[in-house]
Amino acid sequence: MRFLNVLLAVSLFLVAAVSCSMEDDMLIVASTSEAATVSADDTQLYVSFNVSGEMATRASSSSWDGEKMDTFENASVVVLEGNNVFFAKDNVTNFNELNVLVKTGRTYQVYVIANTTISFASMTTKDQVEDVVYGAADLSNMVKFGKSKEFSFNKGQGFETIADAKNGNVETIAIVLKQLTAQVELVEFNSTITEGKEATVALTSVELVNKNTTRKLNETVSSFTNEVVTADDFGKDAYASFVTYPNADTSNLTSLKLTFNVGEREEVRTYTINPNGLAGIGHNYVEAGNIYQLYVSVKVVGDKVECSVKCYTLDWQYNEFETTLVEVQ
């Protein structure tokens, strides 16, 4: 009996997610079509999984430097058959005609992980892939992750080439790449002295308290640490910028701790990021895909030091929400 390969053309290409939700970065669209004439006895029939595409960046302007959040340098493509890795390829930079033969009558799912330095090529199970997707190793790389719905293909009438299959009966599968991390920035620190003797107000350090460094898929598994940026390392566009996984653990809330001197006196202020229960929308502590920008004003009146903090939450579509933060007592 002659076995004829069934060619399934799955074209993956990246486009800007102009109308996506706040966590969505970009879309990968997969188009599928079956191919080849077979008999009912062909139990080892194959289909071809084809990946092709092009890179795209967000076509939008912003007041913040979000280049690393908006783009990716490489991606890994993982094809799962049930709970097993059927195929994996790292460092996919242009998605040019990546072909994989898969069997009909089986269930498959596609994972795409962008901005990761981890190799998935040697992994054999779905659990192995998911364990590292939310791991700590790539926290600063702005890792993005998306997966297709599960799909399968039956035997039937089709074509003998990928080129012909692309013009066949097409189904579209969308894979949304989502930003897994959030960013916290101290953008501005201003001071005024209205009464009393002259004194210099100087910011000496910025600390992100309870930075979440570990998050596993479908689990609330967190590992917290503190990260400090001192005056010698303050940045040009922001005094300090931190990357963290989401955190809504009320026992270990992510906060920004400011240490500054008023003359010879040291002052310390701590503020919870995006606390729940505030008036307005989108207040559920630190959420993936958001940038939290803090603007601090210090007012010295005699021996009294007043500190006010505005937090601007920028979501994935650059919508901006303003919140006044209250000092943690």
query: If we keep just the residues of region 155-183 that are in contact with a strand residue (DSSP E or B) (Cβ under 8 Å, 6 or more places away or on another chain), modelled with pLDDT under 65 and not in a loop (DSSP other than H, G, I, E, B), which is surrounded by the most Cβ atoms within 10 Å (Cβ to Cβ)?
result: Ala165
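Table: residues versus (1) at pLDDT below 80; (2) within 16 Å of the chain's Cα centre (by Cα); (3) assigned to a loop (DSSP other than H, G, I, E, B).
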position: Gln44; (1), (2), (3): yes, no, yes
position: Asn50; (1), (2), (3): yes, no, no
position: Ala59; (1), (2), (3): yes, no, yes
position: Val85; (1), (2), (3): no, no, no
position: Phe95; (1), (2), (3): yes, no, yes
position: Ala121; (1), (2), (3): no, no, yes
position: Asp127; (1), (2), (3): no, no, no
position: Ala137; (1), (2), (3): yes, yes, yes
query: Since Ala279 meets every condition but one in (1) modelled with pLDDT under 90; (2) among the small types (Gly, Ala, Ser); (3) in contact with a helix residue (DSSP H, G or I) (Cβ under 8 Å, 6 or more places away or on another chain), which condition does it not meet?
result: (3)
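Quick one: count up the residues across region 139-154 that are in a loop (DSSP other than H, G, I, E, B) and at pLDDT 80 or above.
Going through region 139-154 one residue at a time, the tally reaches 3.
Does Leu186 satisfy being modelled with pLDDT of 75 or more, crowded, with 21+ Cβ neighbours inside 10 Å and under 20 Å from the mean Cα position of the chain (by Cα)?
no
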field: Residue in region 211-231 that is surrounded by the fewest Cβ atoms within 10 Å (Cβ to Cβ), counting only those that are assigned to a loop (DSSP other than H, G, I, E, B) and at pLDDT 65 or above
entry: Ser223
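The values are calculated or read from the model by the stated rules, or taken from the named source; none is laboratory data. None of these values were measured; they are calculated from a predicted model. For neighbour counting, all protein chains shown are included, and Cβ atoms are generated from backbone atoms with ideal geometry for every residue, glycine included.
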